[in-house]
Every structure is written in structure tokens, then in C-alpha cells.
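First up is the structure itself, then whatever we jot down about it.
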Amino acid sequence: MPDATEDWPDQIYGLLKEHDIRQVALVPDAGHSRLIKRCLADNDMRVVTLTTEEEGIGMLFGAWLGGEKGVLLMQSSGVGNCINMLSVPIAHRTPLPMIVTMRGDYGEFNPFQVPMGNATQQVLEAMGTLVKRADAPEDVAPTVNATLRMAFNTYRPTATLIGQRVIGAKTFGK
Amino acid sequence: MRTGPTGKLLRRDVVAELLRDRGGLLAIGGLGAPAWDITAAGDVPENLPLWGGMGAAAMMGLGLALAQPSRPVAVITGDGEMLMGIGSLATIAVQRPRNLAIVVLDNEHYGETGMQETATRHGVDLAAMARGAGIGDCRLVKTAEEVTALREAIHGGAGPLFAQVKIDEAPVPLVLPPREASILQARMREAVLGPAAHLQ
């Protein structure tokens with residue numbers, strides 16, 4: 001059994017089940033790898049690996065049209081790929097919950113991750129998304145729960161940003 | 001089915017044929033002229049004409065087709081819109097939704113912005129790209145008979161299928177759907193899910 005500081009991905013999976021999430025759109029991130037494995041093992045979830053994150057916004061809009069709930073998993077760099085496409089759930093007033101693992105955050109090693117990581121929250125908020133951060137393992141589940149509830153109860157894009165202090169920074173051995 | 005000055009099929013005639021006797025068919029119209037085309041064929045709740053979201057029409061079709069596997073879903077979009085989301089052909093090919101058809105009305109131009117040429121004008125072969133992605137049924141459509149066969153395939157449930165329909169480039173009169181997008185989604189959801197759609 002993983003200890004409490006490590007089982008937040010399993011807690012997210014439990015919340016996805018509780019909210020009857022059927023479509024999981026993602027571009028992989030190391031921070032989401034355990035959650036992705038749980039979703040892939042679940043026959044009631046359709047996991048769709050995207051070529052770019054904005055595809056997921058279109059897909060989850062289509063899912064909602066057909067009566068299914070979905071969630072978009074991505075890394076903070078992927079948020080930048082989504083900017084204009086956020087107009088779709090805003091104009092249609094449809095739910096779009098996003099769970100974002102942060103790069104370019106605490107202790108980042110790769111210079112290319114910093115510009116988008118530093119701008120992720122501002123960019124999402126500039127595009128009308130409700131954003132909440134989780135910077136400690138025990139905050140992840142309640143924050144993701146709020147993100148799912150606000151999306152499906154109030155029909156808009158919402159996001160949880162999971163900080164690099166939770167995930168751990170990739171250091172390439174440095 | 002009529003043809004235009006270029007000898008190619010007229011877009012409105014193509015779409016009218018594809019949406020004839022449509023039954024439970026759900027249609028997503030890519031932004032610009034394809035959205036007006038599906039509206040001209042009948043402004044019905046089973047249509048979702050797009051006013052934006054360029055590049056995402058095919059992926060919307062995927063999400064809808066996965067959620068409603070027993071209903072045929074047709075994405076009717078333009079060459080410029082498809083090119084912007086071309087990677088989605090790979091995503092869709094991997095998922096293999098049997099009830100999804102992607103129909104590109106290819107006039108080789110960006111019609112809404114002043115008829116600038118798209119890549120298809122210069123030889124880019126969308127059907128070959130779809131085939132390369134792994135979509136099994138990929139068609140280049142140029143004749144009325146091929147449009148009718150495409151209509152039957154859309155209803156046949158042996159998808160996913162991709163069709164590149166060469167159409168005349170002459171502009172046609174605007175037929176605008178409602179611009180309030182919350183209405184567009186809510187009316188389609190009600191058509192699919194009944195009144196319970198609004199209580200989900």
C-alpha cells in the first residue's frame with residue numbers, strides 16, 4: 001500500500017469513478033503516469049491519447065453532446081496549446097474539467113518548461129477558466145473534486161494545477 | 001446533382017444529398033461554409049454548426065461517436081479546418097469508431113477570409129493522409145454517384161471513414177444558424193438524450 005503522500009493519483013482515479021467519467025483525453029505526462037495506468041485498466045473508461053492537447057477540448061465537447069462526461073489530463077506546457085480552443089466550452093456553456101501537472105514550477109531543470117509553467121494559471125484565467133492549485137499531496141483530492149464539481153455543476157472550463165512540490169522535479173541527475 | 005463553373009460538384013447539393021432522409025444521424029459542421037451548408041439542408045437540433053473552434057470538428061465527432069455508438073455521426077468540414085487539426089486523424093484512426101464519418105468539402109481555399117489558397121490547392125492529398133493515419137475507408141469523391149455511395153456508407157456503420165469531396169469554389173449565399181452556441185449544444189443534447197439532458 002502506498003503511503004498517504006504517494007496515493008494522490010489513486011484518489012484522483014476514485015473521484016473520476018465517483019463522477020462517472022467515461023472519456024479520458026490526455027497527452028501523457030510523467031506526473032500523471034500512475035493515474036493513466038489506472039484509467040487504462042478500467043473497461044468503463046475510454047482513454048484517448050491525443051496528438052495535441054487542444055484535440056481533447058473538442059473531444060470532450062462532443063462527449064458532452066452525447067451525454068458522457070470526460071476529463072482532460074495534461075502537463076502545463078499543453079495548456080498553451082489549448083488557448084483559443086477554450087472558446088468552445090465557454091461559448092457553448094459546457095463542462096471541461098482539466099487536471100494539469102505542473103512543470104516549470106518548483107525546482108525546474110529544463111529552461112523550456114519555465115515560460116509556460118510560469119504563465120499557466122494566468123493564461124487559463126485569462127481565458128475564463130476557474131483555476132485551483134494543489135501544492136501538497138493532501139490537497140490534491142479535494143481540489144480535483146472541486147474542479148470536477150464546478151465544471152459539471154456550473155458548465156465551464158475548470159482546472160486543478162498539481163504543483164511540482166507534489167510531483168517532484170525532474171532533475172536529469174543534476 | 002449540379003456542378004459549378006469548374007465542373008466540380010456544388011457544395012450545397014453534396015450536403016443536401018448526404019443529409020437526405022437522415023434518420024438519427026448527428027452532424028457537426030466545421031466553422032465557415034460547412035456550418036452554413038448543413039444549416040441550408042435544415043436547421044435541426046441534430047445539427048451542431050460551429051462558429052469557432054477551428055481544427056477541432058473531427059475530434060468533436062469522435063467524442064460524440066464514442067458517447068453515442070448506436071447513432072451515425074458525420075463531421076462535415078472544410079479543407080482549411082481539417083488541415084488545422086490534421087493530427088486528429090491519427091487519434092481517430094487509433095480509436096476506430098465504427099459510427100464516425102469525416103467528410104471534407106474541399107474547395108482548395110479559405111472561403112471565409114478572402115479565398116486564399118489552402119495546401120490542397122498545391123497537391124496535398126487529404127485522403128492519402130487519412131489513409132496513412134490508418135483510417136480504413138478513405139475516399140476521393142468527385143461525382144454524384146460517389147456522393148450517394150458515401151451517404152450510404154455514412155449510415156452503414158462500417159467506419160471510421162474519411163471522404164475528401166472536391167467541390168466548386170464559387171461562394172454561395174449565407175444561411176446562418178443561431179449564433180448563441182449554448183442553444184446549439186442544448187438543442188442537440190435534448191434531441192439525443194431527451195429532457196433529462198438538462199438535468200445531467
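The values are calculated or read from the model by the stated rules, or taken from the named source; none is laboratory data. Here the structure is a predicted model, which is why all the values come from computation and not from measurement. Don't worry about glycine lacking a Cβ; one is built from the backbone with ideal geometry, like all the others, and counts go over all protein chains shown. Surface accessibility is based on the protein's heavy atoms, side chains included, excluding ligands, DNA and RNA. Shrake-Rupley method; radii C 1.70, N 1.55, O 1.52, S 1.80 Å.
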If you check B:194, B:132, B:136, B:156, which single one turns out to be farther than 20 Å from residue B:36 by Cα and modelled with pLDDT under 95? B:156
Considering only residues that are open to solvent by less than 10 Å² (accessible area, probe 1.4 Å), within 24 Å of residue A:26 (Cβ to Cβ) and not in a helix (DSSP H, G or I), which ones fall in the stretch B:60-76? B:73, B:75
Of these, A:62, A:56, which one is under 20 Å from residue A:144 (Cβ atoms), of a type in the set (Gly, Ala, Ser) and within 14 Å of another protein chain (Cβ to nearest Cβ)? A:56
Mind checking which residues of the stretch B:115-131 are open to solvent by 60 Å² or more (accessible area, probe 1.4 Å) and either without any contact (Cβ under 8 Å) to a residue 40 or more places away in the chain or over 20 Å from residue B:12 (Cβ atoms) (or both)? B:116, B:117, B:121, B:122, B:123, B:125, B:129, B:131
Considering every residue within the stretch B:1-16, establish whether at least one is within 14 Å of chain A (Cβ to nearest Cβ) and either on the phi < 0 side of the Ramachandran plot or touching a Gly at 6+ places or on another chain (Cβ under 7 Å) (or both). no
Pairs under 6 Å by beta carbon, first residue more than 14 Å from every other protein chain (Cβ to nearest Cβ) in the stretch A:11-23, partner open to solvent by 30 Å² or more (accessible area, probe 1.4 Å), six or more apart or different chains? A:13/A:38; A:15/A:145
For the stretch A:17-72, give me each residue that is part of a loop (DSSP other than H, G, I, E, B) and among the charged types (D, E, K, R). A:20, A:29, A:42, A:44, A:53, A:68
Do you know which residues across the stretch A:115-153 are of a type in the set (S, T, N, Q), over 12 Å from residue A:76 (Cβ atoms) and free of Cβ contacts under 8 Å to residues at least 12 places away in the same chain? A:153
If you scan the stretch A:117-145, which residues turn out to be in a helix (DSSP H, G or I), aliphatic (A, V, I, L, M) and open to solvent by 40 Å² or more (accessible area, probe 1.4 Å)? A:126
Under 8 Å between Cβ atoms, which residue pairs at least 6 apart in sequence (or on different chains) link something in the stretch B:132-153 that is exposed (fewer than 15 other Cβ atoms within 10 Å of the Cβ) with a partner that is of a type in the set (Val, Ile, Thr)? B:134/B:94
Looking at B:32, B:42, B:7, B:23 in this structure, which one is among the small types (Gly, Ala, Ser) and within 30 Å of residue A:46 (Cα to Cα)? B:23
Which of the numbered conditions does residue A:98 fail, given that it passes all the others? Conditions: (1) away from chain B (no Cβ under 14 Å); (2) closer than 22 Å to residue B:181 by Cβ; (3) part of a loop (DSSP other than H, G, I, E, B); (4) not charged (D, E, K, R). (3)
Members of the stretch B:175-185 found to be buried (at least 19 other Cβ atoms within 10 Å of the Cβ) and either facing chain A (nearest Cβ under 10 Å) or modelled with pLDDT under 95 (or both), listed by number: B:181, B:184, B:185
Answer from A:163, A:173 - the residue that is among the small types (Gly, Ala, Ser), open to solvent by 30 Å² or more (accessible area, probe 1.4 Å) and farther than 23 Å from residue B:92 by Cβ: A:173
Does the stretch A:146-153 contain at least one residue that is β-branched (Val, Ile, Thr), farther than 22 Å from residue A:11 by Cβ and assigned to a helix (DSSP H, G or I)? no
Residues of the stretch B:41-53 being open to solvent by 10 Å² or more (accessible area, probe 1.4 Å) and within 8 Å of chain A (Cβ to nearest Cβ), in sequence order, are B:51, B:52
Residues of the stretch A:32-53 being open to solvent by 20 Å² or more (accessible area, probe 1.4 Å), closer than 23 Å to residue A:85 by Cβ and more than 14 Å from chain B (Cβ to nearest Cβ), in sequence order, are A:36
